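Notes follow once the structure below has been shown.
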Amino acid sequence: MTRSAVVIEDDDDLRSLLSQTLEQHGFAVHAFPDGPAGVDAVRHLRPDLTTVDVKLDGIDGFEAVRRIRAFHDGYVLIISAVDDETATVEGFRSGADDYVIKPWRPYELRARIDALMRRPRTLQSPENVSGGWLEAGGLRLSPGSRRVELDGRALDLTRSEFDVLQALMQRPGDVVEKAWIALMLRRQSGVHGEHVSPHDLHAVEVHLMNLRRKLGDDGRTGRWIETVRGIGYRFARRD
């Protein structure tokens, strides 16, 4: 089955180049020059992948991603020339799965897209749940249904946040290296010989920051997730 993509990019040349790159990678591409038109297209087309520029007419890319996340769980990739920490953090907070800096290289972009699309995309219904829940105090995670509950309340986590939390809960008390998490999110099975860029490590930090916020963990007391300085993170229950 042909995969579909929506490209939201205001620059004509870049929109054409990105569309061509995705088409060569097997996507049926629908391209739009501004935020509102792109969001409407995602609403009607329900694409497998959406790429979003930050600087758009009508609404900026961050707002476009937030609106998309209100109704669609497909993969969202921000591709932007804005290369600073504030923009990257805002991109992940808005709901993007990855943040790529322009100018991008076609092979790297395709590799990132392939890594995204190997992650589970949709939630399974309760009757399809396989295996039990991971539990720690009032925190419960179901790997089968990809649901998380805290004190009986369902948490709305992104795919990356869920994957990070599951990896930590499956190894309670163990230190999980930040580089391993970065590779895990790229679905490379924690092969430490693979290159991990500063951008990859920063993305992990942003995911952990957002995850802690949703867990009500301020990061200082570390009720659920502790930072092991210079190494990574540890899941530790605090009753």
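Below are the figures for this structure:
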| item | result |
| --- | --- |
| Search result, residues across segment 20-36 that are crowded, with 17+ Cβ neighbours inside 10 Å and among the aliphatic types (A, V, I, L, M) | Leu22, Val29, Ala31 |
| Condition check for Leu17: over 19 Å from the mean Cα position of the chain (by Cα) and surrounded by fewer than 20 Cβ atoms within 10 Å (Cβ to Cβ) | yes |
| Positions within segment 33-80 being over 21 Å from Leu185 (Cα atoms), assigned to a loop (DSSP other than H, G, I, E, B) and in contact with a strand residue (DSSP E or B) (Cβ under 7 Å, 6 or more places away or on another chain), in sequence order | Pro47, Asp53, Val54, Leu56 |
| So Ser94, is it buried (at least 17 other Cβ atoms within 10 Å of the Cβ), in contact with a strand residue (DSSP E or B) (Cβ under 9 Å, 6 or more places away or on another chain) and under 25 Å from Glu23 (Cα atoms) | no |
| Options Val76, Val100; residue that is modelled with pLDDT of 85 or more, under 18 Å from Asn210 (Cβ atoms), assigned by TED's automatic domain parsing to the domain that holds Val7 and touching a Leu at 6+ places or on another chain (Cβ under 9 Å) | Val76 |
| Arg234, sole failed condition from (1) among the basic types (Lys, Arg); (2) more than 22 Å from Gly95 (Cα to Cα); (3) at pLDDT below 80; (4) surrounded by 12 or more Cβ atoms within 10 Å (Cβ to Cβ) | (3) |
| Filter pass, Leu141 being under 23 Å from Asp48 (Cα atoms), surrounded by 18 or more Cβ atoms within 10 Å (Cβ to Cβ) and at pLDDT 85 or above | no |
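The values are calculated or read from the model by the stated rules, or taken from the named source; none is laboratory data. Because the structure is a prediction, the values reported are computed rather than measured. Cβ atoms come from the backbone with ideal geometry, glycine included; neighbour counts cover every protein chain shown.
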